[in-house]
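Data first, discussion second: the structure below is written as structure tokens.
The values are calculated or read from the model by the stated rules, or taken from the named source; none is laboratory data. Please read these numbers as outputs of a predicted model, since none were measured by experiment. Neighbour counts are summed over all protein chains in view; Cβ atoms, including those assigned to glycine, are modelled from backbone coordinates with ideal geometry. Side chains are part of the model used for accessible areas, which takes the heavy atoms of the whole protein and leaves out ligands, DNA and RNA. Shrake-Rupley method; radii C 1.70, N 1.55, O 1.52, S 1.80 Å.
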Amino acid sequence: MRRALTRIAHEILERNKGAENLALIGIHTRGIPIAARLAAKLQQLEGVDVPLGRLDITLYRDDLSEIAKQPIIRETEVPFDLDRRRVVLVDDVLYTGRTVRAALDALIDLGRPEGIQLAVLVDRGHRELPIRADYVGKNLPTAKSEVVKVKLQETDGTDGVELWDLEEVQAAQQ
């Protein structure tokens, strides 16, 4: 995971010709600590503090009525102006593309960035929308019957990526 994030940080700097006018925004939940790690890497490499934000996409989901009667709304915090910035959205897993679509809607409601890029730790395929990550830590081809679980020290007490069978996950939840 450390190597993947270091590589992504280098790719971000290369593509953007440095960190000027750059900002990172993590998508709740695991995109936030990944974005913070990337910001620390960028600071280490460039000596520049890259602004960091967090984005809750709950109200922008196209399946909101299916996930819960009372969905949990988390805090969106973008303490900087988006105008004329290149924003890198950060998430843990890219799957259907629907989370990213919701994040783009939420982000545009906050301002008009110069450009938006996407960084993900894992791309598992199976896209339903025409969305592609600009930066990928690991391409992990999966079956639709599998679940990719990213574990982070900040949220789970350990770092790792696990591949689970969907039936096992559903049995464990019952």
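Numbers below:
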| item | result |
| --- | --- |
| Identity of the residue in the range 42-70, hydrophobic (A, V, I, L, M, F, W, C), modelled with pLDDT of 95 or more and part of a helix (DSSP H, G or I), that ends up nearest to residue 19 (Cα to Cα) | 42 |
| Sole exception among (1) out of contact with any Phe, Trp or Tyr (no Cβ under 7 Å at 6 or more places or on another chain); (2) within 26 Å of residue 2 (Cα to Cα) for residue 126, by number | (1) |
| Hits in the range 7-26 - residues which are surrounded by fewer than 22 Cβ atoms within 10 Å (Cβ to Cβ) and under 11 Å from residue 119 (Cβ atoms) | 7, 11, 15 |
| Residue satisfying condition, being small (Gly, Ala, Ser), in a helix (DSSP H, G or I) and open to solvent by less than 10 Å² (accessible area, probe 1.4 Å), within set 4, 35 | 35 |
| Some residue of the range 79-99 being part of a helix (DSSP H, G or I) and either surrounded by fewer than 18 Cβ atoms within 10 Å (Cβ to Cβ) or without any contact (Cβ under 8 Å) to a residue 60 or more places away in the chain (or both) | yes |
| Residue 29 being modelled with pLDDT under 95 and open to solvent by less than 50 Å² (accessible area, probe 1.4 Å) | no |
| Residue pairs meeting the criteria (Cβ under 8 Å; at least 6 apart or on separate chains; first in contact (Cβ under 8 Å) with a residue 40 or more places away in the chain and among the β-branched types (Val, Ile, Thr), in the range 14-40; second open to solvent by less than 10 Å² (accessible area, probe 1.4 Å) and part of a loop (DSSP other than H, G, I, E, B)) | 34/152 |
| Residue satisfying all of: in the range 3-13; in contact (Cβ under 8 Å) with a residue 24 or more places away in the chain and among the charged types (D, E, K, R); nearest to residue 160 (Cα to Cα) among these | 7 |
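Residue-wise test of (1) at positive phi; (2) open to solvent by 60 Å² or more (accessible area, probe 1.4 Å); (3) touching a strand residue (DSSP E or B) at 6+ places or on another chain (Cβ under 9 Å).
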residue: 117; (1), (2), (3): no, no, yes
residue: 120; (1), (2), (3): no, no, yes
residue: 129; (1), (2), (3): no, no, no
residue: 132; (1), (2), (3): no, yes, yes
residue: 137; (1), (2), (3): no, no, yes
residue: 144; (1), (2), (3): no, yes, no
residue: 148; (1), (2), (3): no, no, yes
residue: 151; (1), (2), (3): no, no, yes
residue: 159; (1), (2), (3): no, yes, yes
